[in-house]
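Heads up, the thing below is written out as structure tokens.
The values are calculated or read from the model by the stated rules, or taken from the named source; none is laboratory data. What you are looking at is a predicted structure, and each value in this text was computed from that prediction instead of being measured. All Cβ positions, glycine included, derive from the backbone under ideal geometry; neighbour counts span all protein chains shown. Remember, those area values only see protein heavy atoms, side chains included, never the ligands or the DNA or RNA. Shrake-Rupley method; radii C 1.70, N 1.55, O 1.52, S 1.80 Å.
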Amino acid sequence: MRSYNPDLTPPWKRSAPVPEVPAEVDLVVEEVSTGFCGAVIRCEAGTVTLEDRFGKHRVFPMEPRGFLLEGRVVTLIRPSAAPARPSRTASGSIAVPGARARVARAGRIYVEGRHDAELVERVWGDDLRIEGVVVEYLEGIDDLPSIVAEFAPAADARLGILVDHLVPGSKESRIAAQVTSPDVLIVGHPYIDVWEAVKPSSVGIGAWPAVPRGQDWKTGVCRALGWPENTGAAWQHILSRVHSYKDLEPELLGRVEELIDFVTAP
């Protein structure tokens with residue numbers, strides 16, 4: 001015969017049940033005891049990792065009644081294997097599961113160097129394949145006017161160009177001004193090198209160091225940070241810390257998105 005254990009707690013002392021909410025990525029909640037508010041970026045082994053608007057991460061146990069969602073107490077639970085919302089690409093776009101790469105467009109995006117191309121591929125690669133946009137690197141832009149002339153841009157073959165250190169009065173700005181085709185868009189970021197477009201916090205440093213004029217910038221960065229003076233290895237370390245658009249500075253994000261829109265416009 002089954003035993004019966006009645007709950008003798010008075011009704012007014014019983015805790016009202018609270019909703020159980022799957023800790024899906026990007027869900028914004030507040031941890032009750034600390035007041036830390038952030039978006040879910042990871043859920044594993046009974047814990048949830050939140051990221052606040054400053055990029056700070058905190059790990060919390062998923063205890064009952066441990067979080068506030070839009071001001072209401074909730075219990076976070078581990079999400080089911082099937083995602084409750086569409087996953088996103090590294091650039092933040094909605095992913096298209098099973099999508100095949102489009103046949104390459106006649107238009108192109110040119111960047112200055114290999115590191116620029118690898119960074120663009122890291123974050124926008126899925127988007128570029130779906131759109132059929134090829135990214136090529138130039139190894140500098142000193143010969144940009146002749147490179148553009150050889151490409152022969154047209155309305156159905158637009159050319160987008162990303163330039164490092166494109167600021168008023170720079171050598172880069174003077175070269176870019178020589179290109180006037182309406183089917184070419186030249187944009188740039190203010191950084192001496194694309195390394196600086198990666199947020200220092202993502203790399204685990206306080207800031208990118210100032211390198212004296214006349215010194216190779218990348219080598220100077222390695223010296224200042226105490227890294228081995230192997231710029232290739234240093235770049236691979238930096239690139240490995242880039243997982244999505246959140247690891248990049250907005251001055252680069254906006255320019256790449258602008259180029260993709262320009263090249264793919266009807």
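Tabulated results
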read-out	value
Failed item, numbered, when PHE54 is tested on (1) touching a Ser or Thr at 6+ places or on another chain (Cβ under 8 Å); (2) closer than 26 Å to GLY206 by Cα; (3) among the aromatic types (Phe, Trp, Tyr)	(1)
Selection count where residues are at pLDDT 95 or above and under 23 Å from the mean Cα position of the chain (by Cα), scope the range 164-187	3
Residues that are crowded, with 16+ Cβ neighbours inside 10 Å, in contact (Cβ under 8 Å) with a residue 12 or more places away in the chain and out of contact with any strand residue (DSSP E or B) (no Cβ under 6 Å at 6 or more places or on another chain), drawn from the range 213-238	TRP217, LYS218, VAL221, CYS222, THR231, ALA234, TRP235
Selection count, the range 190-212, where residues are in contact with a Gly (Cβ under 9 Å, 6 or more places away or on another chain) and either open to solvent by less than 60 Å² (accessible area, probe 1.4 Å) or among the acidic types (Asp, Glu) (or both)	6
Top-ranked residue in the range 29-56 [being touching a Gly at 6+ places or on another chain (Cβ under 8 Å) and at pLDDT below 90; ranked as surrounded by the fewest Cβ atoms within 10 Å (Cβ to Cβ)]	ARG53
Helices (runs of 4 or more DSSP H) wholly inside the range 115-205 that include at least 3 residues being over 26 Å from ASP216 (Cα atoms) and out of contact with any Asp or Glu (no Cβ under 9 Å at 6 or more places or on another chain)	144-151
Meets criteria (open to solvent by 60 Å² or more (accessible area, probe 1.4 Å) and not hydrophobic (A, V, I, L, M, F, W, C)) for SER181	no
Subset of the range 94-126 that is open to solvent by less than 40 Å² (accessible area, probe 1.4 Å) and over 24 Å from ASP143 (Cβ atoms) - its residue that is modelled with the lowest pLDDT	ALA95
Filtered residues of the range 239-266 (kept if open to solvent by 50 Å² or more (accessible area, probe 1.4 Å) and either farther than 12 Å from VAL120 by Cα or touching an Asp or Glu at 6+ places or on another chain (Cβ under 7 Å) (or both))	SER240, ARG241, LYS246, PRO250, GLU251, GLU258, ASP261, PRO266
Looking only at the range 57-70, and only at residues there that are in a loop (DSSP other than H, G, I, E, B) and either of a type in the set (S, T, N, Q) or in contact (Cβ under 8 Å) with a residue 24 or more places away in the chain (or both), the one that is least open to solvent (accessible area, probe 1.4 Å)	GLY66
